Amino acid sequence: MTLPRPAFRLPAALALASALALSACATTPYTGPVEVTRFVAASPAGLGQGTIAVAFPDTVSNLAARAAFAQAVSAELARLGYTVVPEGTPASQTATIRTTRGPIAAAPVDRRGPVNVGVGGSTGGYGSGLGMGVGINLGGGRESPEALTTLEVRIARSGGETLWEGRSQIATGVKSPYSQTETSARTLAAGLFKDFPGGNGETVTLDAKKLQGQ
């Protein structure tokens, strides 16, 4: 009698090697924390109340990015208690918005320690040609940080006196959902105005994912 031939099975060691090879090819999207720094005037009376208009002192050629950041900041200002009026409308206060996205370059490798990353060169505004795709490879199967997106807001009275200003920034890889303009705008604005007005001169680090649910 001829016994039936057993079904072919991939040897366990070979199967494990194949799985490891596939996992090595995949990369985990890089999303850094949101770093926030804020400054508060000695006499900040009026913060969080009255009318306020948003303004962009610098030209933002990427209109989609401009709209995303204007909407994100306006939503946070309204949550704080402000009455947000259309841009260009007279108001008791003005929120001046600046936003940039620039490439991150790898710092020189120290053989005694891990690879460091930092902002390389100048930072370009949206639409300047700088942005995602200026890649570096830190290895290890994890996507490297590719770009640093920054949001700066300055709140001043109509006479020009600064009441508050802050900056939030996040480093992301090209595959991170937080590299998308609308997502990064909402996340950076949420971090910037969390626990408003914050401590004068303080710098805090926040989890980007937790800010999305705020």
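A residue that is modelled with pLDDT of 95 or more and surrounded by fewer than 20 Cβ atoms within 10 Å (Cβ to Cβ) cannot be found anywhere in segment 141-149.
Evaluate segment 91-98: report whether one residue or more is closer than 24 Å to G201 by Cα, without any contact (Cβ under 8 Å) to a residue 40 or more places away in the chain, of a type outside the set (F, W, Y) and not in a helix (DSSP H, G or I). No, because not a single residue in segment 91-98 is closer than 24 Å to G201 by Cα, without any contact (Cβ under 8 Å) to a residue 40 or more places away in the chain, of a type outside the set (F, W, Y) and not in a helix (DSSP H, G or I). Inspection of segment 22-31 finds a residue satisfying the criterion of being over 27 Å from T162 (Cβ atoms), at pLDDT below 90, assigned to a strand (DSSP E or B) and not hydrophobic (A, V, I, L, M, F, W, C).
Here is the figure for segment 163-195: residues that are farther than 25 Å from T27 by Cβ and either at pLDDT below 95 or acidic (D, E) (or both) total 2.
Here is a yes/no grid of residues against (1) at positive phi; (2) out of contact with any Leu (no Cβ under 9 Å at 6 or more places or on another chain):
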| site | (1), (2) |
| --- | --- |
| Q169 | no, no |
| P177 | no, yes |
| G201 | yes, yes |
| V204 | no, yes |
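Is it the case that segment 194-201 has a residue that's among the aromatic types (F, W, Y) and under 14 Å from the mean Cα position of the chain (by Cα)? The answer is no, given that none of the residues of segment 194-201 is among the aromatic types (F, W, Y) and under 14 Å from the mean Cα position of the chain (by Cα). Within the set A64, A78, A72, the sole residue that is in a helix (DSSP H, G or I), farther than 17 Å from T51 by Cβ and modelled with pLDDT of 95 or more turns out to be A72.
The set of residues in segment 187-209 being crowded, with 21+ Cβ neighbours inside 10 Å and either part of a loop (DSSP other than H, G, I, E, B) or not aliphatic (A, V, I, L, M) (or both) consists of T187, G191, F193. Taken over segment 62-89, the criterion of being surrounded by fewer than 15 Cβ atoms within 10 Å (Cβ to Cβ) and of a type in the set (V, I, T) is satisfied by T83, T89.
The values are calculated or read from the model by the stated rules, or taken from the named source; none is laboratory data. Predicted model only: the values in this text are computed from it and were never measured. Every residue, glycine as well, gets a Cβ built from its backbone with ideal geometry; the counts of neighbours run over all protein chains shown.
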